[in-house]
Structure formats: structure tokens, C-alpha cells
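For reference, the structure discussed in these notes is given below.
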Amino acid sequence: MTTWLGGIAYGLGLTGYTGALRRLGVNPYLRWVTALLIQILLLYGFAMGGQLTLGIRVVTGIGWGLAVLWFLLGLFHRGQLPFVGLHLFDFWMVALGWAMAAVLARSPLVHYDNFSHWAVMVKFLYFTGHLPGAADHLISFTSYPPATALLITQFLHWTRFSEGLMLVAQFGLIWAAAYAVFAVLRDRTRALTAMILCLTIAGSLVFNVAIRLNNLLVDLVLPLLAVAALAGVFVYRRRPWLLWPHVALFTAGLLLVKNSATFYVVVLAGYALVVSWQNSRGWARVRQWGGVVVALSAGAGPFLLWQHHVQTTFTLSKHEISAQAYQHQLAGESPQMLLRIGQHFLRHVLDWHQLSTQGLLLINAVLLGAWLIIWLVNGHRNRLWATALLIDGLTLLYDASLLGMYVLSMPYAEAILLDGIERYRASVVILGLFIGAMVLVVIDATFYEQTFEKRDSRSFASIMSKNAYQLSTLVAGFFAVTLMYSEITGTTFTNRMNRNTLPRQLARTSRPWHHLNHRKVLVVDEQAVDVDDYYAGYVGRYYYFTDQAVGQENFMLSPAAFDRVIQHYDYVVIPEHHRTFTVLTQKVYHQHVVTGLYRVHRHVLERQD
């Protein structure tokens, strides 16, 4: 099956699920991300049962059956859905989303964490058809839940194995979650509020610049799924029969994306409880709260099953949530070491030169400025100031949990450098950005005409307010398009700049291996930093699908010692010219070796095509 036909087949199955969800009352703007999460949970069930490949076919097949059913019912004019209309933001999402996906389809994977876990997990699932076990040493971070990897694997199953298509599949989840924010709009014909949300989506990518969209890391997936979950709680606030399954589904989805999603689940739980309290009275509040608690408990079930799987399958797992692991970590660190980590952390978060801190200041400035303008100019009281305080409180809570991660889960050498802190803090800034934007657009009292049906080009208090509205819409729309275009061109530029990175060099040197093996592969890397931080080894493990690939840069050895080192491996790959290695192979094996993949024999290195 060609890539295009496979993509169409996958899309057809997805539309079957979305059609069923619409008929069950799910909001049209939430249906896409809801359908994807349902498929992830179904795939997770099959994967835990050791039948992932069968699960992919069954789950997608159910979607095909539903799509055919809705088509046949449509022919007889039965069960037809009302058309929700096309709006300005729909065209923005489709046009720029398609352009971004086209760029990602041609993008390589380069970031370190793709090869330490995210991409290698997808490759493992795709070619083995099961979750890693205790004997599968290729996967290092065995405690990481597999949600995004399952979704990507399903998409690749119907298209083909490709790094670019991995990115497209994850981008589909990101874009579906971002599309859900439009569910909060009370009046979708208002171009200004729609463009504010489009600008928010594009602006969130500015704070995601530490990893961009051309990586499989989930630091953007988590806050956007949380945003979609919050949007759903707002939309379903008076429909508990939809609210409770929604909370359960998104709780499960968040926790199965990454262990650190607990923070976002706490935010979701708090908002769901507040909304249930506000929209009920008397004993109904007890029932509503009970429903939310049951939903949260049900949503935590799949993650608890995963924790049981990790603890019973692996004797030791990196970043495992375990009191014993935390005690072991603390036992190796003195109070002075912990104090130094805390001091470094505090200095970083208070440094206004950092992008994450600038983002938090920007959110506060916009919300407080809007609060004053709406109150003083329009005479409408609002609680945007409270929203700013809420976002600040959430940021403090997140920073506290982040500091705990550095103390409890990271080696001191990494923690003291605050490794990846801007990438992690960007997530909470993005969450705050969307919360602020959603609250802002929900405050519809600022419009002169309150009846939606009566709004037209004349529904303004004055010509000045009309001009201000039109100008604001143009400015928001301009920057929404510009920032998204900047992300597209920035990704294209990054792809060009990455042409000489180690993963691209390996792609030019040899073909990737797709059969899981235990062959010993030596990656000869001229860059010492790639070897010192194990990047070369992780890239080699991913590319050659072996758990015994290592990198080495220093070959200042005698010919006899060099020969002993080489004979220890089954294969040697030289991605770029390494002068010392070339000289020694000339002396020991009487071969002129520059680049390429070589099979190691006793007296010769055999080049592989």
C-alpha cells in the first residue's frame, strides 16, 4: 500500500470514529482529539495483551466499519449530522496545518531525546509488534508510557516507516488538540475572537522553540492535551453524561503520554470539580463530585496498570515513579548538593532574560491590560486579574514539581546544570497562554450587541469601536499567519542546517537496519562531545536497531591495541572522515578507509553496500 493510499485509509478510519462521537453528542471541535485518544486507549489494551499488530488492524477496521455505516445511513437520509459551518479559523487551521505537515514529512530526526527514547520506541513497536520486555535492552527509559508511540505506530502501519511520517502523526495529535480550543467560542462568526485563538496557537510555537515540531518529544503534546481537556470541561459543564467520560478519557490519555503528566491531571481535576460545584445545587453537587471522582479514578486505571507492568517486568527502570528509587537518589546527595540545585533553579526562574520567564510576564501584562481596558473603557467588570493570579499559581506549583524532578530523578551532574529546564518550563507557559486566551475570548460582554442572531456589520456602539475592532482583527490575523509561517520556514531552515549532523551522515553512509539484533557496532565519531554524552551510541542503536552500539572518538592507540579494539566489534561505521582512524586502518589492515559501514573480519574490514 502506497503512502498516500495508506494515509487515506487511516483518515477514513479516523472519520468513522469522529462521526460516531458527533452522534453521541461530542462537540465538533473536540471530536478529533477525542477520537485519537480513544484509539490510543484501545491500542494500549491490545499492546498490554501482546497483540499490538492485531490491535492496529482491529482498531482501524472498526473505524472503517463506522465510516461505511454513516455513509450508508446518509444515502437514506438517516442519522445525518447538522453542518456546523466553516469559519475563518477553519481555513487558517487547514491551510497552515497542511503546510506544516508537508515540511515535517521531509524533516529528519536530530534531537538527542529522539534517539534515547521516543523514536527508538516507535521503531521497536513498528518492527516487533509488542511492548519491550526485560530482555529488550534497546529501550532504556522503560518506565515511559507508550501513548504517542502507539499512535505513531498505527499511522506508520498504514503508510510506511519514515522519520518524517512519525513527525506528521504526532503533529496530527498536536493540531487536533489545538483545534479543540475553538469549542469555547460562544460566537464563532466573530473574527476577532477566532484570530486571538489562532494567534495563541501560533504564539505557543514561539515558546516551543527549544524543541520545535520536528521532534517526537512530548513537551508540547502534554499542555495542548490539557488545554483540550479544559476546553471540554467548559463545554460539557452542564452535561455530566459527557463531562465524566471526557474527564476519564483525557486523564488516561495524559498519564499515558508521560509520567510527568500528573501536574496537568491535577489542573484538570481541580477545574472539573469547580465547574461541577458551580453548575449544581444541593445533593446534586454530591452526585456531580462523585461522578468526577469516579471519572478521575477510571482515568488513572490504565496508568496504574502501566506502573504495575513496569515494576513486574523490569528490575530497574529509569525515571520510574517509586519511593524506593527516590530514597536511593536522595541517599547519594548531600544537603549542600540539594541546596546548590535549588539556588541554581531559583536564579534561573527569576532571570527575565529567559524565554519562559518572558512568556509568563507577557501573559500577566496582556491579561491585566485587558482587564483594565474592559473595565475602565467599556465599563464591564471581569475577572481577568484572577486568571492572571491563577496562571501564576499554576506556574509556582509546576516549578515546585520541576525542582522535585531535578532533585529526585536526575543525577547531580545533570541537575546542577538544570538540563532541559527551558524545554520543561515552556510547557507551563504554553498552558498559561491558552488558559488566558480562552478566558479572554469567553468574556463576550465586551461586544455591544449581546444577541448573536442580531450581530452584523452595524452592531457596534460607534464608528470608532468598529474601526478598532477591524484593526484589532487585522493585527491579530496578521501575526497569527506570520508566526505560523515563521515556524514553517524556521523548521525548513533547521532541516537544511542539520544536513551534516550524525544521523544524516549515517543515512548517507549506509542503510538502516530494521531487524532487532545484538550485533556490536562501533560508531567512529570525530566529535568528542557526541561520544561523551552518549549521543553517538544512541543514534547508532536507533539506526542499526541494536542494543550494543557505542561511539568512540579517541583512537590514539598503538596498531596492536587498535586491532584489539576493532576485533571486539562486528561492524564499524565511519560517518565522516576520521584522520587517525584512517591512518591506523592503513597500517593494520592495509586498507584505505574513509567513510562507510564495514563488517569486521580477522584481517580485513569488508565494506557493506
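Count of the stretch 132-157 residues, restricted to those that are open to solvent by less than 20 Å² (accessible area, probe 1.4 Å) and within 21 Å of Val58 (Cα to Cα), is 10.
When the residues of the stretch 520-551 are filtered to those that are open to solvent by 10 Å² or more (accessible area, probe 1.4 Å) and part of a loop (DSSP other than H, G, I, E, B), the one that is farthest from Leu597 (Cα to Cα) is Asp533.
Yes or no, residue by residue, for (1) among the aromatic types (Phe, Trp, Tyr); (2) in contact (Cβ under 8 Å) with a residue 60 or more places away in the chain:
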{"site": "Tyr544", "(1), (2)": "yes, no"}
{"site": "Ala549", "(1), (2)": "no, no"}
{"site": "Gln567", "(1), (2)": "no, no"}
{"site": "Tyr589", "(1), (2)": "yes, no"}
{"site": "Thr595", "(1), (2)": "no, yes"}
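With the structure loaded, tell me whether Ile201 is open to solvent by 10 Å² or more (accessible area, probe 1.4 Å), under 19 Å from Ala95 (Cα atoms) and of a type in the set (A, V, I, L, M) or whether it fails that test. The answer is no for Ile201.
Selection over the stretch 119-151 of residues that are more than 30 Å from Val481 (Cβ to Cβ) and either without any contact (Cβ under 8 Å) to a residue 12 or more places away in the chain or among the polar types (S, T, N, Q) (or both) gives a count of 6. Scan the stretch 352-370 residue by residue and report those that are more than 18 Å from Gly393 (Cα to Cα) and either surrounded by 11 or more Cβ atoms within 10 Å (Cβ to Cβ) or of a type in the set (Gly, Ala, Ser) (or both). Answer for the stretch 352-370, where residues must be more than 18 Å from Gly393 (Cα to Cα) and either surrounded by 11 or more Cβ atoms within 10 Å (Cβ to Cβ) or of a type in the set (Gly, Ala, Ser) (or both): Gln354, Leu355, Gly369, Ala370.
Val103 satisfies every condition listed in (1) over 18 Å from Leu14 (Cα atoms); (2) part of a loop (DSSP other than H, G, I, E, B) except (2).
So if I check each of Ser116, Ser107, which one is touching a Gly at 6+ places or on another chain (Cβ under 6 Å), under 30 Å from Gln505 (Cα atoms), of a type outside the set (D, E, K, R) and in contact (Cβ under 8 Å) with a residue 60 or more places away in the chain?
Numbers: Ser116 fails: touching a Gly at 6+ places or on another chain (Cβ under 6 Å).
Only one candidate passes the filter, namely Ser107.
Scanning the stretch 577-609 for residues that are closer than 21 Å to Arg508 by Cα and charged (D, E, K, R), we see that the one that is surrounded by the most Cβ atoms within 10 Å (Cβ to Cβ) is Arg599.
Quick check: anything in the stretch 267-279 assigned to a helix (DSSP H, G or I), of a type in the set (Val, Ile, Thr), closer than 22 Å to Tyr179 by Cβ and at pLDDT below 95?
Going through the stretch 267-279, the residues assigned to a helix (DSSP H, G or I) turn out to be 267-278.
Now narrow it down to the ones that are of a type in the set (Val, Ile, Thr): 267, 274-275.
Restricting the remaining residues to those that are closer than 22 Å to Tyr179 by Cβ gives 267, 275.
From what is left, the residues that are at pLDDT below 95 are 275.
Yes, some residue in the stretch 267-279 is assigned to a helix (DSSP H, G or I), of a type in the set (Val, Ile, Thr), closer than 22 Å to Tyr179 by Cβ and at pLDDT below 95.
Table: residues versus (1) free of Cβ contacts under 8 Å to residues at least 40 places away in the same chain; (2) over 21 Å from the mean Cα position of the chain (by Cα); (3) open to solvent by 20 Å² or more (accessible area, probe 1.4 Å).
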| position | (1), (2), (3) |
| --- | --- |
| Trp4 | yes, yes, yes |
| Ile8 | yes, yes, yes |
| Leu12 | no, yes, yes |
| Arg23 | no, yes, yes |
| Gln39 | no, no, no |
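Among the residues of the stretch 236-277, those that are open to solvent by 20 Å² or more (accessible area, probe 1.4 Å) and hydroxyl-bearing (Ser, Thr, Tyr) comprise Ser260, Thr262, Tyr271.
The values are calculated or read from the model by the stated rules, or taken from the named source; none is laboratory data. Predicted, not measured: the structure shown is a model, and the values here were computed from it. Ideal geometry is used to build each Cβ from the backbone, glycine not excepted, and the neighbour counts take in all protein chains shown. We work out accessible area using only protein heavy atoms, side chains counted, and drop any ligands, DNA or RNA first. Shrake-Rupley method; radii C 1.70, N 1.55, O 1.52, S 1.80 Å.
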